[in-house]
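Take a look at the structure below.
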Amino acid sequence: MRERLLAAEKVKAIEWKEGVLHLLDQRLLPMQEVWLTYDSASGVAEAIRQMVVRGAPAIGISAAYGVVLGARARQQAGEDWLQTLDEDMQMLAESRPTAVNLFWALNRMRERLKRLKPGEEALAALEAEAVAIHESDREANLTMAQLGVELIRKHGDGVQTLLTHCNTGALATGGFGTALGVIRAAHLEGLVDKVFADETRPWLQGARLTAWELAGEGIPVTLNADAAAAHLMKTGNISWVIVGADRITANGDVANKIGTYQLAVNAMHHGVRFMVVAPSSTIDMNLTSGEDIPIEQREGRELLEIGGVRIAAEVDTVNPVFDVTPADLIDAIVTERGVVERPTAEKMAALMNRKRLH
Ligand code: MRU
C-alpha cells in the first residue's frame, strides 16, 4: 500500500529549499494559494503564532527549521551562537502552547547540538536534524495510515461512513496526514463511502482546509456544521470518528481541536467508534493526565468576526482552541509505534518502550 499512498501525495505545506523555509499560507486557503518565505527564527515564530502554518506535526517541523535559520543568522553576525541560540529556541517555544510536537522538535535540535563530535560542522548538523524530523514525520504518516486501515477492517466489513474534525492532512504534517492519512488510505482501499468534515469553528480548519484537501483528491466529503455532529451520529450511519491530537498524556488523555471532546462523548452515546491518530512525537509522557495540558486561549475576534466581517454584538468572549478527551472515551490511539486499544497508563508506557516499527 505504501507505493499507492506515496503516489497519492499531492499537497505540501512546508518546503525547505536552499536554506529558506517556504510555507503555504493556510490563512488564505482555499481561495488563494500563496507561499511565504522565511529566513529568520523570529519570522518562523510569528508564522506559527499567526497560523500561517498550523497542525501539531507541521508546527514542530517548522520550528526545527526556525532553529536552523536562527543559528545561521547568529553565525553570520559573528556571534558565539552555540551560546546564544537558546534565545531563538525560547522565542519559538513561546509561539503556541498546546501541541507538544513544538517542544519535542526543539528538544531534538538541542540534543543534536549536545551530540556534536569534535570538528563536526554544527550548522550542517542542525540542518540535517531538521530535515530528518521532517522526513520521519512523513514516514510516520505512512505507517499510521496502514495501521489505521487494519483497525477499520478489524472492526467492520465493507464501505464505511467516517467523521473527522479540524484538519489533520498534508497541510498539518510533513506527509499526507494523521487522521486524514488513515482516511486517505481507507479510501484507496475502497473502504470509504462518505467522509463528514466538521467545519471546525472558529478558525474553520474543516471547511477551509479538510474539505479542500479531500475534494482535491476525489474523496467523497460532506461538510457539516459542528453542531450537526451528534445528529449525524444518530442518523448518518457513521462507524468511526477519526481525529488527530496535539498532545497525548501518559494515561492516554488526548488534547485536540476544540469540539473533539463533545464528539467523543457523543460517539460513546451512539456506539460510534473513536480513533485518535498521532505520531509518537505528540505523546508527552512527562504529563500524567490531560488536566496538566496547557490549553491555548485565542483572541475573541476569532468569534466576533468571520473573514474580517463583524457577526456578533460587542460582548465578552471565551475562545479556548483545544479541549481534552479523557482516555476512557477513546477506542484506539494509532501511532507509528503501534496501536493502543482502550488506552490506559500501562498500555501507553508499553507503547513508548517499544521499538519503532520502521
Ligand atoms: O489550531 P490548529 O489548527 O493548529 O489545531 C490543529 C489540530 O487540532 C489538529 O487536529 C492536530 O494538530 C493534529 S494535526 C495532524
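The values are calculated or read from the model by the stated rules, or taken from the named source; none is laboratory data. Given the structure is predicted, the values throughout are model-derived calculations rather than measurements. We place every Cβ from the backbone using ideal geometry, glycine too, and count neighbours over all the protein chains shown. Keep in mind that these areas ignore ligands, DNA and RNA; they rest on the heavy atoms of the full protein, side chains included. Shrake-Rupley method; radii C 1.70, N 1.55, O 1.52, S 1.80 Å.
Some notes on this structure:
- Residue check for M31: more than 16 Å from the ligand (Cβ to nearest atom) and either surrounded by 15 or more Cβ atoms within 10 Å (Cβ to Cβ) or within 19 Å of C166 (Cα to Cα) (or both): yes
- The set of residues in the range 290-330 that are within 16 Å of R247 (Cβ to Cβ), open to solvent by less than 40 Å² (accessible area, probe 1.4 Å) and of a type in the set (S, T, N, Q) contains only T325.
- Breaking point among (1) open to solvent by less than 10 Å² (accessible area, probe 1.4 Å); (2) within 15 Å of the ligand (Cβ to nearest atom); (3) more than 13 Å from the chain's Cα centre (by Cα), for E139: (1)
Residues are listed down the side, and each one gets a yes or a no for (1) over 20 Å from the mean Cα position of the chain (by Cα); (2) assigned to a loop (DSSP other than H, G, I, E, B); (3) under 21 Å from V131 (Cβ atoms):
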| site | (1), (2), (3) |
| --- | --- |
| V52 | no, yes, yes |
| G60 | no, no, yes |
| G70 | yes, no, yes |
| P97 | no, yes, no |
| F103 | no, no, yes |
| L106 | no, no, yes |
| R112 | yes, no, yes |
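- Any hit, the range 233-240, residues being under 14 Å from the mean Cα position of the chain (by Cα), buried (at least 24 other Cβ atoms within 10 Å of the Cβ) and assigned to a strand (DSSP E or B): no
- Qualifying positions in the range 184-207 - part of a helix (DSSP H, G or I) and within 12 Å of the ligand (Cβ to nearest atom): Q205, G206
- Selection count, the range 183-206, where residues are touching a Ser or Thr at 6+ places or on another chain (Cβ under 7 Å) and either of a type in the set (S, T, Y) or open to solvent by 10 Å² or more (accessible area, probe 1.4 Å) (or both): 3
- Summed over the range 342-357, residues that are under 23 Å from the mean Cα position of the chain (by Cα) and either open to solvent by 60 Å² or more (accessible area, probe 1.4 Å) or within 16 Å of the ligand (Cβ to nearest atom) (or both) total 7.
- The residue that is nearest to V276 (Cα to Cα), counting only those in the range 8-50 that are of a type in the set (A, V, I, L, M, F, W, C) and in a strand (DSSP E or B), is I14.
- The range 36-61 residues that are touching a residue at least 40 places away in the same chain (Cβ under 8 Å) and under 22 Å from S281 (Cα atoms), paired with ones that are more than 15 Å from the ligand (Cβ to nearest atom) and open to solvent by 40 Å² or more (accessible area, probe 1.4 Å) (beta carbon under 8 Å, 6 or more apart): A41/A73; A41/M91; A45/M91; A45/E94
- Candidate set from the range 82-95 (those that are open to solvent by less than 60 Å² (accessible area, probe 1.4 Å) and not hydrophobic (A, V, I, L, M, F, W, C)); member that is farthest from the chain's Cα centre (by Cα): T84
- Any hit, the range 16-24, residues being over 18 Å from L209 (Cα atoms), surrounded by 13 or more Cβ atoms within 10 Å (Cβ to Cβ) and either at pLDDT below 95 or within 15 Å of the ligand (Cβ to nearest atom) (or both): no
- The single condition among (1) among the basic types (K, R); (2) in contact with a Lys or Arg (Cβ under 9 Å, 6 or more places away or on another chain); (3) not in a loop (DSSP other than H, G, I, E, B) that R138 does not satisfy is (2).
- The range 143-169: number of residues that are within 14 Å of the ligand (Cβ to nearest atom) and aliphatic (A, V, I, L, M): 3
- Flag if A255 is open to solvent by less than 10 Å² (accessible area, probe 1.4 Å), within 16 Å of the ligand (Cβ to nearest atom), in a helix (DSSP H, G or I) and touching a helix residue (DSSP H, G or I) at 6+ places or on another chain (Cβ under 8 Å): no
- Out of A250, A230, A215, one residue alone is free of Cβ contacts under 8 Å to residues at least 24 places away in the same chain, open to solvent by 10 Å² or more (accessible area, probe 1.4 Å) and not polar (S, T, N, Q). It is A215.
- Single residue of the range 258-277 satisfying the filter (crowded, with 24+ Cβ neighbours inside 10 Å and within 12 Å of the ligand (Cβ to nearest atom)) that is nearest to the chain's Cα centre (by Cα): V277
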